[in-house]
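Structure, as structure tokens:
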Amino acid sequence: MKTEMKEKQSPWTRFWAWYDRHITESLAITALIIYIQIPHMIWNADLYLEAGMISHVHPVLDFFMYGVDLIEIFPMINIGFLIYSRIRKSRNLINA
């Protein structure tokens, strides 16, 4: 019976079922990325204030601190997924 349900499910439905099972891991990764932002904010403030205590110490460090901005894309996508997942669940509960 379960195999028949799995065969009839669309890839979209299977993806959201998988995502709902892995929300905790997804939130942990999002939290890690957000916590990485703390040193980046300090580095950015140092750059803005032109203090030079952290920024411009080493070009590789500056490169990595600047690159932290790019990984913010993943939490943005994840937040959208979480919102949509919760909306789907509430609609399914209402329709059931």
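Since every read-out is calculated from the coordinates, none of them should be taken as a lab result. Values in this document were obtained by computation on a predicted structure and should not be read as measured data.
In the chain, helical runs assigned H by DSSP with n ≥ 4 each contribute -39500 (n - 2.57); averaged across all residues and rounded to the nearest 500, the mean residue ellipticity at 222 nm is -26500 deg cm²/dmol. Here the contact order of the chain, divided by its residue count and restricted to Cα pairs under 8 Å and six or more residues apart, works out to 29 percent.
Which angle between 0 and 90 degrees, to the nearest 10, do you get for helix 11-21 versus the longest principal axis of the chain when only C-alpha atoms count? Approximately 70 degrees, to the nearest ten. For the chain, the convex hull spanned by the alpha carbon atoms encloses 119 Å³ per residue.
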